[in-house]
Amino acid sequence: MRTLVILTLLAVLVMAATCYESHESMESHEYLNPFLNRRRANDFIQADTRLRAITQERIRERSKAHHEHQRELCEDYYPCEMYAFRHGYAAAYKHYFGRRRTK
């Protein structure tokens, strides 16, 4: 009988030691609400800044100004580029691409 009482007390002690929820486990508030809303979830995850920079560059490429397109076209044609060094890109584009030449 004495052995049974000792084993029962030992089992109660082991159960109390392993099943006790400490105060630290309740501090995180995940016990009551384990899911985060979108705003809090995005607070600690930062987007890759390089990816953002590449995306912005692609957007800028699609929406270039008219004179930038003209300058790039002139830079691709060597005589226009040489003319632009002396007279400027606007004059060079007008000289080489401004009027359509028909034969």
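Computed from the coordinates by the stated procedures, all read-outs in this text should not be read as laboratory data. None of these values were measured; they are calculated from a predicted model. Counting neighbours? That spans all protein chains shown, and the Cβs are built from the backbone with ideal geometry, glycine included.
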Label-point separation (nm) for D76 and R60, each offset 7 Å from Cα along Cα-to-Cβ? 2.0 nm
Calculated FRET value between V12 and F35, using beta carbons and R₀ = 41 Å, to 0.05: 0.70
